[in-house]
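So the structure is just underneath, and the comments pick up after that.
The values are calculated or read from the model by the stated rules, or taken from the named source; none is laboratory data. Worth saying up front: this structure is predicted, and the values here are computed from it rather than measured. With ideal geometry, Cβ positions are generated from the backbone for all residues, glycine too; neighbour counts draw on all protein chains shown.
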Amino acid sequence: MILEEQLLQVKNLNIIFPSPKGDVHAVKNISFSLGKEKIGIVGESGSGKSVTGRSILRLLPPYAKISADKISFKGQDLLSLSEKQMRKIRGREVSMVMQDPKYSLNPVRTVGKQISEAYIVHRKATKQEAKEHTLKMLEAVRIRNPEQVYRLYPHEVSGGMGQRIMIAMMLIPDPSLLIADEPTSALDVTVQLQVLAILDDLVSQRGMGLIFISHDLELVSSFCDRIIIMYGGRIMEVVNAADLHKSTHPYTRGLLNCLPRIEGGNERLSTLVRDDAWLDADFSAPSVTVSG
Amino acid sequence: MTEKTTTYSSTKEWLLTDTPASALQAAAGRAYLGLLEFLKNRLAVLGLMIIVALVFVALFAPYIAPFDPILTDLKHRLLPFSAEHFFGTDELGRDIFSRIIWGSRLTLYVIGLVAIIAAPVGIIVGTVAGYFGGIVDMVLMRITDIFLAFPKLILALAFVAALGPGIENAIIAISITSWPPYARIARGETITIRNSDFIRAIRLQGAGPIRIISGHIMPLCLSSLIVRVTLDMAGIILTAAGLGFLGLGAQPPSPEWGAMTSSGRSYILDHWWLITMPGTAIFVVSLAFNLLGDGLREVLDPKSDN
Amino acid sequence: MVQFLTKKRFKKATTQTLQLIAIVLITFLGLLLITFLIGRVVPIDPVLAVVGDKASSEVYERARIAMGLHLPLWQQFFIYLSSVLRGDLGTSVLTAKPVLDDIFRVFPATMELAFLATLFGVFVGIPLGVLSAVKRGGLLDHISRVVGLLGYSLPIFWLALLALIVFYAKFDLLPGPGRVDIFYEGIVDPITGFMLIDCILARDWEVFRNALSHLIMPATLLGYYSMAYLSRMTRSFMIEQLRQEYILTARVKGVAEWKVIWGHALGNCSIPLITVIALSFGTLLEGSVLTETIFAWPGLGLYLTNSLLNADMNSVLGSTIVVGSIFLAVNLFSDFLYKVMDPRAR
Amino acid sequence: MLNISNLNISFGHGSEKNHAVKDISFKVKRGESFGLVGESGSGKSTVLNCISGLLNHWQGTIKVDGVPVSQKRDLAFYRKVQLVFQDPYASLHPRHTIDRTLKEPLAIHNFSDINHRVEKVLREVDLGSQFRFRYPHQLSGGQRQRVAVARALILEPEIILLDEPTSALDVSIQAEVLNLLQDIRKERNLTYVMVSHDLAVISYMCENCAVMSQGAMVEMISAKQLKSGNLTQNYTKQLFTASKGYDRAAIDLFQDF
């Protein structure tokens, strides 16, 4: 895909968590860029995919050490912004949907108030205006009875509805980049796809960029334009979604092969043999030598 | 995978190995890591040292105290600090230093007995109520609530009023009022643990309630209970001293710190050391338990705070 | 569906309130049972206390029957129960007045202290706890830790005595024991029993000032303990809340940090904090026993101690029932607020 | 081997009564692997909990080896039927070493030769003896799930109930655990009842499966039907489509069931 406009550029991002047992290098020298497209970051647990997403919004705990040659958003260097300037970016320009609405919504405030707050913070709107926009936004995420849902508390809504509410809340200030961190992993397959469809429609209508973080390689390949595959804090490779099955990287191949398939046979599943050499190899190198 | 015999070059390595060869080694390794964690907290170590010192002083009081704590000597009453009387003498000419040394026995007696009585009652009531739920839980928790409905000191006062003043009655009164919070904590934890998969798993292997409660649930309640009991020791010392101060705990002439403070009240203006010394003793010991409790919390219950 | 939900909410709230009331009633009954049993195990023979030890066995027996002591224990308890519910807590041996009247007279003085102390605890302790949770390991956190440790470790009676020595005896900055100086006593009519309010009602500002200066020391002292407790509890609640994911959500939305802390996080702590404030109020009643003894503060604590020292069991048990009931009521109220404020509990 | 007929269970009372499992019946032959598939709230795990004995207020009949089981189970039942839980992080006692976790069931059932059995079962699940005295926090998710399997195996049961045994694991670990489960089944001629929301896992592991929705059984299908997409009910068809990944056009045709 040819990009006419670069939204986000990340160059040599490193994230280190100091711990008593020695520093943990959660993300090591990763670079990628993104336009108005859907890009997926895929990896197993501990691959550094979530941390990468959060570091863009600078929302990691204060003890985390982030360094990069560049994290630029629309030409602005996010790392050099003050906390106050950063708050103007958060929500308004870059937003994030997290995994489980059960935890990511404030349990003691109504859904409506929480969505309105996101609008008021950035638009200096009155409560009435915010409410009107909130109701519209709830409709946009295909909630049929917005007036009633407005008054509900988070524990009174189902997981799928909760995630639609999260999407409404995160899109109401009209940001240009959305980071979705495993937004549907806690949901049933059909609900998962319905939520993704809503996300897909809204993102393309508004011409936004989307970073979709997930562990589900198959899902990401059917949903996103490009895929970044991470392992052990490094990028293994970046592939176009359509070309995923042509990938030759041993890690990507391993991930694809170990999945059982509905139409597949009952022969033993192939298991992934990890190789430390992957961690030192440069992903952009044309061929990756596999030792052992 | 092949088995190999590993040799350890030092005790530390033996403790910290990732592949312990016996249950003993595994447990020792855990304990060692806990100890390391605990030692990092200097204040907690200080607290522990004070408590060890208290036990030592209490055990060897007859050898440490230079004077008889009870014998009055009116010729030497109300003397200030001196090389002979480190903390001066009181209104009856008794050496305050010696009285404080002997008083440590009473303090230790109170907290020791209360801990032995209240903690087991609390943990048993709490785990049983939490594990069985239903009617058992209802009845046990109502009883607990009734005892919780009184502020501690007031119920203790009522009991002492009924049973008569004296250190044993004070201990009974404090014990009766101390167990309910433990039962509450143990119950709360038990309810969380009861529904966890590892308890379901052992049930599906046919284990009965006694095995489950004593072998699987109680050990998990124990750490937060130890923390709570340690922190409560401070409060128990203060309550016991308060009872003593009101003349309802240990009776004169026994050198109880609260009672000493009380009898020194009439002399506070010109002879401040009469109340300062026993008060400081109460403070230091109670502080020690608070410091130790905080430190233990960090080791045993890492989620709750830092 | 949503209307159905609100209806369900209402129904759930009603049954829960009824359950709560039932629980409180049972607890209250248990409380009375305990005081009753304590009253029975007293080594002093209540009959002898009335008839004197020179009475003949016939007189003794008649008195025993008159007092209902020949009845089985459960009947005695029933009689006791009905008299307590009628507000009859017996007569005080010491003052020769009904115990309940005595308690009504002395109670406002205690309330005045406990109320001021709680205010102090809430308005100083909670912000201190919040700030030390936000900047953990910072200067304020260390201060709050020391404040907490001292509050948990210093015997209150001892600190009160030291305060008296320093502020009253040595430097004469504050007045000594009592609610007002002796020559101000009896000037203001005790309408409400709360000295400050009575002074305001009587517009007697001189007595007001004097009463206020008498209040400062005991109230600050109790307030310090309340603050120590509340700040530590607030701190740990805040740390717990700040770790939750919805806080991250608020930050992602671009909500200002002060609003995240004082609005979202503290707002969600306020629910458990209510219970803690209720608890600390109970602890204050306890602390007031010792404080009032030292400051000769004519409240419930002093009344209780005096009764104790004079073996006046009716007054002791009466005070215990009253304090226990207040404690129950405060807990009931906090449970109720909890239900109102936490949508998940409704 | 296992015969369930007219199983019913409900939770709560009055207006909040929830009929969680409605009239479920199925049979599992010895050596067969049977799947229960459905979305959350479909009652699939509840069925498993009724069989295992975790729930005991169900109605209907459950027969193991032709013998009806009562609500209250005896030790002999637990020797025959064991369960592996979903979350390997929650199903091991955090303060017990692997050794103790494995010895506990042996102690309950008065087995002899305890050490030997522990060593044997650890070998069987491919865990070396160096793991024996570790605590669960010193193991990875996959290793923990192996321990959980070992714990279920150590009593030498005939039926193993599997409650989403791999859904908390990374896909690469899932493959290892699924392989292990298949191997053990062949070796010991075990009967499996497996709950999962993942059609692919069910298709790989089971010969037959029941599709459940809102407490009721929608249809009973064989693995062959599943693999060829030869399905009769709309609900199952939709589930099948959804499992194939994101297809914007197909989603608009989704119905609520």
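Does the stretch B:129-145 hold any residues that are within 9 Å of chain C (Cβ to nearest Cβ), out of contact with any Ser or Thr (no Cβ under 6 Å at 6 or more places or on another chain) and not aliphatic (A, V, I, L, M), and which are they? Once the filter is applied, which keeps residues that are within 9 Å of chain C (Cβ to nearest Cβ), out of contact with any Ser or Thr (no Cβ under 6 Å at 6 or more places or on another chain) and not aliphatic (A, V, I, L, M), the stretch B:129-145 yields only B:R142. Has the stretch A:63-78 got any residue that is of a type in the set (S, T, Y), part of a helix (DSSP H, G or I) and surrounded by 16 or more Cβ atoms within 10 Å (Cβ to Cβ)? Checking the stretch A:63-78: not a single residue is of a type in the set (S, T, Y), part of a helix (DSSP H, G or I) and surrounded by 16 or more Cβ atoms within 10 Å (Cβ to Cβ). Inspect all residues belonging to the stretch B:146-158 and state whether any of them is in contact (Cβ under 8 Å) with a residue 40 or more places away in the chain and either in contact with a strand residue (DSSP E or B) (Cβ under 9 Å, 6 or more places away or on another chain) or away from chain C (no Cβ under 14 Å) (or both). No, because not a single residue in the stretch B:146-158 is in contact (Cβ under 8 Å) with a residue 40 or more places away in the chain and either in contact with a strand residue (DSSP E or B) (Cβ under 9 Å, 6 or more places away or on another chain) or away from chain C (no Cβ under 14 Å) (or both). Annotation: of all residues in the stretch C:135-189 being in contact (Cβ under 8 Å) with a residue 60 or more places away in the chain and among the β-branched types (V, I, T), the one that is farthest from C:C199 (Cα to Cα) is C:V147. Screening B:A183, B:A156, B:A201, B:A170 for residues that are under 19 Å from B:P120 (Cβ atoms) and surrounded by 24 or more Cβ atoms within 10 Å (Cβ to Cβ) leaves exactly one candidate, B:A183. Could you check, for the stretch D:20-35, whether at least one of its residues is within 14 Å of chain A (Cβ to nearest Cβ), assigned to a strand (DSSP E or B), within 13 Å of the chain's Cα centre (by Cα) and small (G, A, S)? Checked against the condition, which is being within 14 Å of chain A (Cβ to nearest Cβ), assigned to a strand (DSSP E or B), within 13 Å of the chain's Cα centre (by Cα) and small (G, A, S), the stretch D:20-35 yields at least one hit.
Annotation note: Cβ proximity below 6 Å between a residue of the stretch D:237-254 that is at positive phi and a residue that is in a helix (DSSP H, G or I) and among the polar types (S, T, N, Q) (sequence gap 6+ or interchain) occurs for D:G245/A:S222.
In the set (1) at the interface with another protein chain (Cβ under 10 Å from one of its Cβ atoms); (2) more than 29 Å from A:R123 (Cα to Cα), A:D200 fails one condition alone, (2).
Within the stretch D:101-119, track down each residue that is surrounded by 18 or more Cβ atoms within 10 Å (Cβ to Cβ) and either within 18 Å of the chain's Cα centre (by Cα) or within 11 Å of another protein chain (Cβ to nearest Cβ) (or both). Steps first, please.
Within the stretch D:101-119, the first condition is being surrounded by 18 or more Cβ atoms within 10 Å (Cβ to Cβ), and the residues that meet it are D:101-106, D:108, D:117-118.
Of everything in the stretch D:101-119, those that are surrounded by 18 or more Cβ atoms within 10 Å (Cβ to Cβ) and either within 18 Å of the chain's Cα centre (by Cα) or within 11 Å of another protein chain (Cβ to nearest Cβ) (or both) turn out to be D:T101, D:L102, D:K103, D:E104, D:P105, D:L106, D:I108.
For the criterion of being of a type in the set (A, V, I, L, M, F, W, C), more than 8 Å from every other protein chain (Cβ to nearest Cβ) and outside any loop (DSSP other than H, G, I, E, B), D:L181 passes. Screening the candidates C:R105, C:R136 for the property of being assigned to a helix (DSSP H, G or I) and surrounded by 13 or more Cβ atoms within 10 Å (Cβ to Cβ) yields one hit, C:R105.
So, C:F123, is that one in the same structural domain as C:L300 (by TED's automatic domain parsing) and within 17 Å of C:V323 (Cβ to Cβ) or not?
Values: in the same structural domain as C:L300 (by TED's automatic domain parsing): yes; within 17 Å of C:V323 (Cβ to Cβ): no.
Spelling it out, it is not the case that C:F123 is in the same structural domain as C:L300 (by TED's automatic domain parsing) and within 17 Å of C:V323 (Cβ to Cβ).
Exactly one residue out of C:L285, C:L290 is in contact with a Pro (Cβ under 7 Å, 6 or more places away or on another chain), at negative phi and touching a residue at least 60 places away in the same chain (Cβ under 8 Å): that is C:L285. Selection within the stretch D:1-18: residues that are of a type outside the set (S, T, N, Q) and either within 14 Å of chain C (Cβ to nearest Cβ) or touching a Gly at 6+ places or on another chain (Cβ under 6 Å) (or both). The member of this set that is nearest to D:M220 (Cα to Cα) is D:L7. Kindly indicate whether A:T126 is within 20 Å of the chain's Cα centre (by Cα) and either free of Cβ contacts under 8 Å to residues at least 40 places away in the same chain or more than 14 Å from chain C (Cβ to nearest Cβ) (or both). For A:T126, the condition - within 20 Å of the chain's Cα centre (by Cα) and either free of Cβ contacts under 8 Å to residues at least 40 places away in the same chain or more than 14 Å from chain C (Cβ to nearest Cβ) (or both) - is not met. In the set B:G293, B:G279, B:G258, B:G247, only one residue is touching a Leu at 6+ places or on another chain (Cβ under 6 Å), among the small types (G, A, S), within 13 Å of chain C (Cβ to nearest Cβ) and within 30 Å of B:A53 (Cβ to Cβ); that residue is B:G293. I'd like to check something: does the stretch A:10-30 contain any residue that is crowded, with 18+ Cβ neighbours inside 10 Å, in contact (Cβ under 8 Å) with a residue 40 or more places away in the chain and closer than 24 Å to A:D174 by Cβ? Scanning the stretch A:10-30, I find at least one residue that is crowded, with 18+ Cβ neighbours inside 10 Å, in contact (Cβ under 8 Å) with a residue 40 or more places away in the chain and closer than 24 Å to A:D174 by Cβ, so the answer is yes. The residue of the stretch D:123-155 that is surrounded by the fewest Cβ atoms within 10 Å (Cβ to Cβ), among those that are closer than 10 Å to D:L102 by Cβ and more than 10 Å from chain B (Cβ to nearest Cβ), is D:L153.
Regarding the stretch A:166-178, can at least one residue be identified that is charged (D, E, K, R) and more than 23 Å from D:G38 (Cα to Cα)? Checking the stretch A:166-178: at least one residue is charged (D, E, K, R) and more than 23 Å from D:G38 (Cα to Cα). Screening D:S52 with (1) over 21 Å from the mean Cα position of the chain (by Cα); (2) hydroxyl-bearing (S, T, Y); (3) within 11 Å of chain B (Cβ to nearest Cβ) gives one miss only, at (1). Residue count for the stretch A:148-166, restricted to those that are away from chain C (no Cβ under 12 Å) and in contact (Cβ under 8 Å) with a residue 60 or more places away in the chain: 1.
Just one of the listed residues (B:A250, B:A259) is of a type in the set (A, V, I, L, M), assigned to a loop (DSSP other than H, G, I, E, B) and over 18 Å from the mean Cα position of the chain (by Cα), namely B:A250. Residues in the stretch C:119-129 that are buried (at least 22 other Cβ atoms within 10 Å of the Cβ) and not small (G, A, S) were compared, and the one that is farthest from the chain's Cα centre (by Cα) is C:L128.
For B:E91, are the conditions met, namely being of a type in the set (D, E) and within 30 Å of B:D294 (Cβ to Cβ)?
Details: of a type in the set (D, E): yes; within 30 Å of B:D294 (Cβ to Cβ): no.
Here the answer is no, as B:E91 does not meet what is asked.
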